[in-house]
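Asks: If you scroll down you'll find the structure; I have some questions about it.
The values are calculated or read from the model by the stated rules, or taken from the named source; none is laboratory data. All of these numbers come straight from a predicted model, not from anything done at the bench. Heads up, the Cβs are rebuilt from the backbone with ideal geometry, glycines too, and the neighbour counts pull from every protein chain shown.
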Amino acid sequence: MIRSMISNMVTPTIKPLINPFSTSAGLGEELVTNGDFATDTNWFKDANWSISGGNASSTGVGRMFQPIAPLLESGTGIPVKVTFDITALTQGGVVVNCYGIGSQFFTSVGTHTFSGVTTNTLNLYFNNAGVGGNFIGSIDNVSVKEIL
């Protein structure tokens, strides 16, 4: 009797846990508009930031930001991956804040990536004030994608 009960039991399917910060995790659609800076639109800029020639450039202290509608509407607790290029750097560096996820201070030309879980609804910011601030340089290819 016990043997027939055991043979009729359903074997559970065990799915592996996925680390949302793994590079192999799936990514959602692009959430940034005009992340390639093809036009001078969709970004709010302080006086020292400009968009031209497919780059966003800074000549000193200030910030540039973009509200991302899907993240504003969804609220907090969303895992995202942020990627951008520093294409030119004369001085300082930049810190990125994506809906409460603060990055390290980036001070080198190249592609930079960080991930985290959103904690507020306060936009995607590129800040060049702070530790070593006064970023004089350019960025391009800004991307924010939800980690699925």
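Asks: Exactly one condition in (1) within 10 Å of the chain's Cα centre (by Cα); (2) free of Cβ contacts under 8 Å to residues at least 40 places away in the same chain; (3) farther than 18 Å from residue 49 by Cα is not met by residue 69; state its number.
Replies: So residue 69 meets the others, but not (1).
Asks: Ok, one more. With respect to residue 137, is the statement that it is over 19 Å from residue 30 (Cα atoms) and buried (at least 17 other Cβ atoms within 10 Å of the Cβ) true?
Replies: Yes: the conditions hold for residue 137.
Asks: Among the residues of the stretch 49-67, write down those that are assigned to a strand (DSSP E or B) and among the hydrophobic types (A, V, I, L, M, F, W, C).
Replies: 49, 51, 56, 64, 65
Asks: In the stretch 36-48, which residues are out of contact with any Phe, Trp or Tyr (no Cβ under 9 Å at 6 or more places or on another chain) and assigned to a strand (DSSP E or B)?
Replies: Residues satisfying the conditions do not exist here.
Asks: May I ask you to list the residues in the stretch 94-111 that are surrounded by 17 or more Cβ atoms within 10 Å (Cβ to Cβ) and within 10 Å of the chain's Cα centre (by Cα)?
Replies: 96, 97, 98, 99, 101, 103 - these are the residues of the stretch 94-111 that are surrounded by 17 or more Cβ atoms within 10 Å (Cβ to Cβ) and within 10 Å of the chain's Cα centre (by Cα).
Asks: Continuing with the same structure: From the list 121, 83, pick out the single residue that is in contact with a helix residue (DSSP H, G or I) (Cβ under 6 Å, 6 or more places away or on another chain) and of a type outside the set (D, E, K, R).
Replies: 121
Asks: Report, by residue number, each residue of the stretch 68-85 that is of a type in the set (Ser, Thr, Tyr), outside any helix (DSSP H, G or I) and surrounded by 14 or more Cβ atoms within 10 Å (Cβ to Cβ).
Replies: Selection gives 83 alone.
Asks: Answer yes or no as to whether residue 88 is touching a residue at least 24 places away in the same chain (Cβ under 8 Å), surrounded by 20 or more Cβ atoms within 10 Å (Cβ to Cβ) and outside any loop (DSSP other than H, G, I, E, B).
Replies: It is false that residue 88 is touching a residue at least 24 places away in the same chain (Cβ under 8 Å), surrounded by 20 or more Cβ atoms within 10 Å (Cβ to Cβ) and outside any loop (DSSP other than H, G, I, E, B).
Asks: Would you check if residue 131 is touching a Phe, Trp or Tyr at 6+ places or on another chain (Cβ under 6 Å), loosely packed, with under 14 Cβ neighbours inside 10 Å and either assigned to a loop (DSSP other than H, G, I, E, B) or modelled with pLDDT of 90 or more (or both)?
Replies: yes
Asks: Could I ask something else about it? Which residues, counting only those in the stretch 27-48, are surrounded by 19 or more Cβ atoms within 10 Å (Cβ to Cβ) and in contact (Cβ under 8 Å) with a residue 40 or more places away in the chain?
Replies: Selection gives 31, 32, 35, 37.
Asks: Restricting to the stretch 90-148, give me the number of residues that are aromatic (Phe, Trp, Tyr) and over 13 Å from residue 63 (Cα atoms).
Replies: So the answer is 4.
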